[in-house]
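Okay, so here's the structure we're looking at.
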Amino acid sequence: MGSVSAKLMGPYWYPLDTPRHLQLFNPHNLRILLEKCGFIWNHCRIRQPADRISTSMIYMSEKYVSWTERKTRLLEQWVTVPALLVSLIRAGDALIVKAHTR
């Protein structure tokens, strides 16, 4: 949970909303788990999906704002550039891992 959006959103970070994710991994722990299960780690890419940021913002402000589909699309467009920047510095939410068996 070291991503930028997780730190910014705190308890309102949408992936924490049960039961969306039962386990949350960082690259280091996921690598250890894969290697213990007999996989060889090839590559890990970290990216920040824009919808994770916008969904967390909606989740955080639901009490105060009535979210329509149009408002949601506008918010997703607004956070696209920050999400790309977060991806570039490898501080995003999504891990894309390539591994193979021995």
Original post:
Taking the stretch 67-94 on its own, how many of its residues are outside any loop (DSSP other than H, G, I, E, B), surrounded by 15 or more Cβ atoms within 10 Å (Cβ to Cβ) and aliphatic (A, V, I, L, M)?
Top reply: 3
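Would you pick out the residues in the stretch 33-89 that are β-branched (Val, Ile, Thr) and within 20 Å of ASP17 (Cα to Cα)?
First, the residues of the stretch 33-89 that are β-branched (Val, Ile, Thr): 40, 46, 53, 55, 58, 65, 68, 72, 79-81, 86, 89.
If the condition is that a residue be β-branched (Val, Ile, Thr) and within 20 Å of ASP17 (Cα to Cα), then ILE53, THR55, ILE58, VAL65, THR72 are the ones that fit.
Quick check on PRO15: is it outside any helix (DSSP H, G or I) and at pLDDT below 80? Step through it out loud before you land on a result.
Working: outside any helix (DSSP H, G or I): no; at pLDDT below 80: yes.
Judged against the criteria, PRO15 is not a match.
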Original post:
Can you tell me which residues in the stretch 31-52 are within 27 Å of LEU84 (Cβ to Cβ) and assigned to a helix (DSSP H, G or I)?
Top reply: ARG31, ALA50, ASP51, ARG52
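Of the residues HIS21, HIS43, HIS28, which single one is touching a strand residue (DSSP E or B) at 6+ places or on another chain (Cβ under 8 Å) and not small (Gly, Ala, Ser)? Before the answer, list the steps.
Working: HIS21 fails: touching a strand residue (DSSP E or B) at 6+ places or on another chain (Cβ under 8 Å); HIS28 fails: touching a strand residue (DSSP E or B) at 6+ places or on another chain (Cβ under 8 Å).
Only one candidate qualifies: HIS43.
Okay, residues lined up against (1) touching a residue at least 60 places away in the same chain (Cβ under 8 Å); (2) in contact with an Asp or Glu (Cβ under 8 Å, 6 or more places away or on another chain):
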| residue | (1), (2) |
| --- | --- |
| VAL4 | yes, no |
| GLN23 | no, no |
| GLU35 | no, no |
| ALA50 | no, yes |
| THR68 | no, no |
| LYS71 | no, no |
| VAL81 | no, no |
| ASP93 | yes, no |
| ILE96 | no, no |
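The values are calculated or read from the model by the stated rules, or taken from the named source; none is laboratory data. As the structure is a computational prediction, the values presented were derived from the model and not from experiment. Neighbour counts are summed over all protein chains in view; Cβ atoms, including those assigned to glycine, are modelled from backbone coordinates with ideal geometry.
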